[in-house]
Amino acid sequence: MLVIVFKLGALSEIFNFVKIYAMKTKANSLLIAFLMTVMLNSFSSNAQEVILNSVQVISGYPETEKNQTFQFGLIVLTDVSTFTENLDKTKTRFTKITDDTGFDLLAAQKQWEEESKGNYWHTKATLENWGLLSEDEGSGFIVNGKLSVRPSAGAKTVNVQGVIAMVNITNKESSYGLKEISTADKGSKTEIGQVSLYAIGALESEGVTYEIYEVISDGKSISSAELVGGDDREEAAKIFKVEVSQLELAENAVIYKILPETIDLKVMAKDTEVFEIPFDLNLSVGF
C-alpha cells in the first residue's frame, strides 16, 4: 500500500511532487488522477492559488513565424460560488514576463502589437476564462494565457507574473433604467454590462408563436426585468386561455410574438465586486 503524507504548503509544490512521482515510478494513471482529485477537493475554498496546467506554441494558418502564439493554461483554485465567470478586462493583466536568458517577452509583445496593427495575424496578449472546473476537480476555473511572441532560443524557463481579476456577485441589488436596448444578437452596452436577449423557448398554438427571451448581462447579474410599455404576455395568456401567472415566466424573462428592434427596461441587478488574485509562475520550456 502506498501512503503519502503532505505537510501544509503550496499546492503547486504538491502537484509537482505527484508529477515527479508519476514519472519516476510509472505509477498507474488512475492512482495519479485520484491523488490529484483528492488534493483539489481538499483545497480550502477560502484560499487562492494559481497553478500551471499546460504550455504550448500554436501555429495558425498560414503557418509562419509571425502567425504563432505562445499559450499556457492556468488553473485558478478559489471559491467560485459567486463568480460571474467574467474577468475584469482592465484589471486582469500581465505585469512581467521574462525568460531565463533575460529576454523581456512583455516588452516584445507590446512592440509586436504596435508594429502589427491592421494585420490579420494581430493578436493582443490575453488572459481569458476558459470555464469552471468540474465538481470532481474541485472549486476553481481555467484561464488561458496567450502571447504573440515566443521565448528566445535556448530558454529553459519563463517567469510569468500578473493578476487575474474575478468579477463576483454581491448580495446588494440596485435598480437600473435601460433605454433602447437592441434586440439583435449582441444587444447593447450599458452601465451594467452588455445587455441582450437570449431565446430560451416558445409557446405555439394554431400557427401563432410567442418567443420567450431571457434578459441577460455579461456584467451585473439581472435578477428581474420589467419592460417599459409591457410585452405580449397578456395577449399570449388570452390565446392560450390561461392566467398570466400560468405562463410561468422567469423574473428576467420577456415574451413577444414579433420582437421589436429596441426595448426599454427597468431591471434589478446584483452589484458586483472585483476580486484580484496575483500570480507568479515559472514555466518550463524548451526553445
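Restricting the first member to region 231-253 and to residues that are on the phi < 0 side of the Ramachandran plot, and the second to residues that are among the β-branched types (V, I, T) and in a helix (DSSP H, G or I), the beta-carbon pairs closer than 8 Å and six or more apart or on different chains are R233/V244; E234/V244; A237/V244. Scan region 111-146 for residues that are in a strand (DSSP E or B), at negative phi and either of a type outside the set (S, T, N, Q) or touching a helix residue (DSSP H, G or I) at 6+ places or on another chain (Cβ under 6 Å) (or both) and report the count. Looking only at that region, the number is 9. Give the residues of region 217-255 that are within 17 Å of M268 (Cβ to Cβ) and either of a type in the set (K, R) or outside the structural domain of I192 (by TED's automatic domain parsing) (or both), sorted by residue number. Correct list: K220 only. Taken over region 228-267, the criterion of being buried (at least 17 other Cβ atoms within 10 Å of the Cβ), of a type in the set (A, V, I, L, M) and touching a strand residue (DSSP E or B) at 6+ places or on another chain (Cβ under 6 Å) is satisfied by A236, A253, V254, I255, I263, L265, V267. The set of residues in region 150-167 that are crowded, with 19+ Cβ neighbours inside 10 Å and of a type in the set (D, E, K, R) contains only R150.
Scanning region 268-287 for residues that are more than 22 Å from T92 (Cβ to Cβ) and in a strand (DSSP E or B) yields M268, S284.
Here is a yes/no grid of residues against (1) out of contact with any Gly (no Cβ under 7 Å at 6 or more places or on another chain); (2) part of a loop (DSSP other than H, G, I, E, B); (3) closer than 27 Å to V167 by Cβ; (4) modelled with pLDDT under 95:
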{"site": "S196", "(1), (2), (3), (4)": "no, no, yes, no"}
{"site": "E211", "(1), (2), (3), (4)": "yes, no, no, no"}
{"site": "K238", "(1), (2), (3), (4)": "yes, no, no, yes"}
{"site": "V242", "(1), (2), (3), (4)": "yes, yes, no, yes"}
{"site": "V254", "(1), (2), (3), (4)": "yes, no, yes, no"}
{"site": "P260", "(1), (2), (3), (4)": "yes, yes, no, no"}
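The single condition from (1) at pLDDT 95 or above; (2) among the aromatic types (F, W, Y); (3) in contact with a strand residue (DSSP E or B) (Cβ under 8 Å, 6 or more places away or on another chain) that F70 fails is (1). Output yes when any residue across region 176-183 is within 25 Å of the chain's Cα centre (by Cα), within 30 Å of G140 (Cα to Cα), part of a strand (DSSP E or B) and touching a residue at least 12 places away in the same chain (Cβ under 8 Å), and no when none is. No, region 176-183 contains no residue that is within 25 Å of the chain's Cα centre (by Cα), within 30 Å of G140 (Cα to Cα), part of a strand (DSSP E or B) and touching a residue at least 12 places away in the same chain (Cβ under 8 Å).
The values are calculated or read from the model by the stated rules, or taken from the named source; none is laboratory data. In this text, all values refer to a predicted model and were calculated from it rather than measured experimentally. Here Cβ is always computed from backbone atoms with ideal geometry, including for glycine, and neighbour counts include all displayed protein chains.
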